[in-house]
1. Having 2 or more residues that are under 28 Å from LYS98 (Cβ atoms) is the bar; report the helices (runs of 4 or more DSSP H) wholly within segment 127-196 that clear it.
2. Examine segment 284-297 for a residue that is of a type in the set (A, V, I, L, M, F, W, C) and over 19 Å from GLU269 (Cα atoms), and state whether such a residue exists.
3. How do the pairs read when you match residues in segment 344-359 that are over 15 Å from TYR376 (Cβ atoms) with residues anywhere that are among the small types (Gly, Ala, Ser) and assigned to a strand (DSSP E or B), using Cβ under 8 Å and keeping only pairs 6 or more apart or on different chains?
4. Tell me, please, whether a residue that is touching an Asp or Glu at 6+ places or on another chain (Cβ under 9 Å) and modelled with pLDDT of 95 or more can be found in segment 145-152.
5. Out of ARG369, ARG426, ARG389, ARG395, I need the residue that is within 26 Å of HIS90 (Cβ to Cβ) and out of contact with any Leu (no Cβ under 8 Å at 6 or more places or on another chain). Which one?
6. Could you list all residues from segment 247-269 that are within 16 Å of the ligand (Cβ to nearest atom) and among the acidic types (Asp, Glu)?
7. Where in segment 345-446 are the strands (runs of 3 or more DSSP E), entirely inside, with at least 1 residues that are within 26 Å of PRO249 (Cβ to Cβ)?
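The values are calculated or read from the model by the stated rules, or taken from the named source; none is laboratory data. Just so you know, these numbers come straight off a predicted model, no measurement behind them. Cβ sites come from the backbone with ideal geometry, for glycine too, and all protein chains shown count toward neighbours.
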Amino acid sequence: MLVVNPATEQPIAEVEQAGIGETDAAVARAKAAFPAWRALAPGDRGRLLRRLAMLVEEHGEELARIETRNVGKPISDSRGEVGMVADVFHFYAGAVDKHHGETIPVAGGVDMTLREPLGVVGLIVPWNFPLNISSWKLGPALACGNTVVLKPAELTPLSALRLAELALAAGIPEGVVNVVVGKGSVVGQRLVDHPDVAKIGFTGSTEVGRSVMRAAAATIKRVTLELGGKSANVIFADADLEAAAAAAPYAVFGNAGQDCCARSRILVERAAYDRLLDLLVDATRGIKVGDPEEDSTEMGPLISAEQREKVASFVDGDPVFRGDAPNGPGFWFPCTLVEASNDDRVAREEVFGPVAAVIPFAGEEEAIRLANDTPYGLSGSIWTENGARGLRVARAIDTGVLSINANTSVRVQTPFGGFKQSGFGRELGMHALEGYSDVKNLFIAT
Ligand code: NDP
């Protein structure tokens, strides 16, 4: 299978496609490696993860270039993401021996809880943040003593393949980290169905997440689902409008909008609507779209022609703003702002491209109602200078991750995941360790 650079449409690599046989072989390798890996003292697993983190740092520029060529994301973004990958492995290297059990007072003896690894876990990753999302799953899975089979998206397998080589170079034993490249409907599906796979960590569309959850029922597999989003960026008239408008474009056009946390509904209080829209158009005009290999580029192309067609279907008529994008080869799509109501398709479905819907609201109550009027519940932001209002609205919005006067969702140390149809389970921080271990209760009669 040819792997293509979305900025040039040129092939950059040829990768063998795995089928069911190769998937089964990878699961068998992971199963064979499990007893020795789980038996390592947590601190020793931590030491190996720490070495992997250092190798990622040493190979940072190489990994960032791979990601940029394969995904089309600006090199400055790729560098930041690779930096996060190293930080994730550092974090779980340090976290694993702090994931304690308890002793519980009971009659007749001593009761304690132990954290046990699950076994072989299947990790299914999308194309928007291939290396980052892989690390969010690999870090806690490996730290807890599981062995893994990682399936990157067919379009973007290159960084995961390189990471697996670095894992071996770090001294993580053969069979602990296995990468299988192939179609989701074949390799992904086989991992979900496989009786020797104990858990699936999945990031992707809500539609495929639903089918993963359904199929996992056959073997009562644990699942963590990080799915789509339609997050609201709620801007009140009492906000620092300049700051809110300057930040808003990056919260939806970052990664060319191919981000499950994209604040693709910009809700603006009517009293500030005209002023905010002017500022927003100016800020969006400033986004530098172009060659992802250039240090100063802020937005690259979409991942594929198919994705561009899907994104284009959300824009009909004249948008309030349409930016520039390169002509010629590459799956380019300009930054686009549309005025909309929350009932329009552009405000209901995940666009996964650089299209933002600007929607007015009348006051706090309507802001909360509109923000929650979506099947999704992943992320969002609130901009206000009124601290009490910020907290009130944050408590009322049903999403897993929120920020006040900022548009951030993801940090190495803090839990990340969705409410409602954005999925369940938490990645990152200490919370992720819960998803890759089971609690065993042990009673000792005295
Ligand atoms: P998918 O959900 O299809 O892909 C995510 C991952 O799941 C990929 O590795 C894919 O493999 C794999 N997969 C596909 N089918 C199955 C299956 N039956 N069983 C197990 N694994 C499977 O998303 P797409 O890449 O097709 O993107 C479609 C839309 O999904 C986007 O336009 C966007 O709206 C949304 N999306 C949301 C993401 C998020 O983070 N919220 C991430 C990616 C997409 P492969 O691609 O190799 O076939």
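1. Numbers: elements: 130-143, 158-169, 189-193.
Hits in segment 127-196: 130-143, 158-169.
2. Looking only at segment 284-297, we keep the residues that are of a type in the set (A, V, I, L, M, F, W, C), and these are 287, 289.
With over 19 Å from GLU269 (Cα atoms) added as a condition, the list becomes 287, 289.
Checking segment 284-297: at least one residue is of a type in the set (A, V, I, L, M, F, W, C) and over 19 Å from GLU269 (Cα atoms).
3. From residues that are over 15 Å from TYR376 (Cβ atoms), the pairs are ASP344/ALA357.
4. Just the residues of segment 145-152 that are touching an Asp or Glu at 6+ places or on another chain (Cβ under 9 Å), to begin with: 145.
With modelled with pLDDT of 95 or more added as a condition, the list becomes 145.
Yes; the residues of segment 145-152 include at least one that is touching an Asp or Glu at 6+ places or on another chain (Cβ under 9 Å) and modelled with pLDDT of 95 or more.
5. Numbers: ARG369 fails: within 26 Å of HIS90 (Cβ to Cβ); ARG389 fails: within 26 Å of HIS90 (Cβ to Cβ); ARG395 fails: within 26 Å of HIS90 (Cβ to Cβ).
So the residue among ARG369, ARG426, ARG389, ARG395 that is within 26 Å of HIS90 (Cβ to Cβ) and out of contact with any Leu (no Cβ under 8 Å at 6 or more places or on another chain) is ARG426.
6. Within segment 247-269, the first condition is being within 16 Å of the ligand (Cβ to nearest atom), and the residues that meet it are 251-265.
Correct list: ASP259 only.
7. Values: elements: 355-361, 380-383, 437-445.
Answer list for segment 345-446: 355-361, 380-383.
This table checks each residue for (1) surrounded by 21 or more Cβ atoms within 10 Å (Cβ to Cβ); (2) among the acidic types (Asp, Glu).
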| site | (1), (2) |
| --- | --- |
| ARG308 | no, no |
| SER313 | no, no |
| PHE321 | no, no |
| PHE331 | yes, no |
| VAL338 | yes, no |
| VAL346 | yes, no |
| GLU349 | no, yes |
| ALA356 | yes, no |
